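Presented below is the structure to which this report refers.
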Amino acid sequence: MSTEYFQMEPLGVGHSEVESFGSFYTRFCSAHSVTPAVMSRHVREWSIATANSFETPVRELFNGDRGSPTGISDATEKFVAVLTAATGCQSLMRTTLLALKPAFTRNDNLVTWDRAWCPACFNEHLTSSTPPYERLLWSIPLVRRCHIHKVALETKCPACGAKQPHHHRAIEIGRCVRCMESLVPH
């Protein structure tokens, strides 16, 4: 069994604006017109059929049971390796903090469990008609402000106040996971 996935590159590779893996994966699913759950099954089936065995169910990675998709967990490392093989995109590891793995013994407190975003960056994307994306830096708990706009990162929907533990299944990065309203305050 073989599948053909569009080869996509993460946004911002090579500078501080590099896209986080969760954001990349959401855009990747959108480009293939499937939900993250469906794509996870496709990738898992592809890995089994091509002997790129992936023992950890992808849903565990994205449900936070084994770690953040941008973190240093074994599940993150395996999923990035499988998706790299499936897509041919060699820069996916740069969307995670895996390069820091030798410096840390655990994933604890290295990455946030909920999404964070700069409303000014998202607003710039919306006004320029480019899709918003989340920066890898925003997944680090110590980073609380956008280094470009100097504004606090948001972690809750401005419309309903819900935390954003994952991306909306409708594959819209700039939308609330609960109420589907824009994450950019009006």
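Looking across segment 98-118, the residues that are part of a loop (DSSP other than H, G, I, E, B), at pLDDT below 90 and either in contact with a strand residue (DSSP E or B) (Cβ under 8 Å, 6 or more places away or on another chain) or of a type outside the set (Val, Ile, Thr) (or both) come down to Phe104, Arg106, Asn107, Asp108, Asn109, Leu110, Trp113, Asp114. Is it true that Ala85 is small (Gly, Ala, Ser), out of contact with any His (no Cβ under 9 Å at 6 or more places or on another chain), more than 19 Å from Val13 (Cβ to Cβ) and in contact (Cβ under 8 Å) with a residue 12 or more places away in the chain? Here the answer is no, as Ala85 does not meet what is asked.
Within segment 157-184, if we keep just the residues that are open to solvent by 70 Å² or more (accessible area, probe 1.4 Å) and in a strand (DSSP E or B), the residue that is farthest from Pro131 (Cα to Cα) turns out to be Lys163. Just so you know, in segment 87-144 the residues that are under 30 Å from Arg44 (Cβ atoms) and basic (Lys, Arg) include one that is surrounded by the fewest Cβ atoms within 10 Å (Cβ to Cβ), and it is Arg106. Of the residues making up segment 15-73, those that are part of a loop (DSSP other than H, G, I, E, B), of a type outside the set (A, V, I, L, M), at negative phi and at pLDDT 85 or above are His15, Ser16, Glu17, Ser20, His32, Thr35.
The values are calculated or read from the model by the stated rules, or taken from the named source; none is laboratory data. On a predicted model such as this, the values are computed, not experimentally measured, just so you know. Positions of Cβ are backbone-derived with ideal geometry, glycine not excepted, and every protein chain shown enters the neighbour counts. Just so you know, the surface numbers come from the protein's heavy atoms only, side chains and all, with ligands and any DNA or RNA stripped out. Shrake-Rupley method; radii C 1.70, N 1.55, O 1.52, S 1.80 Å.
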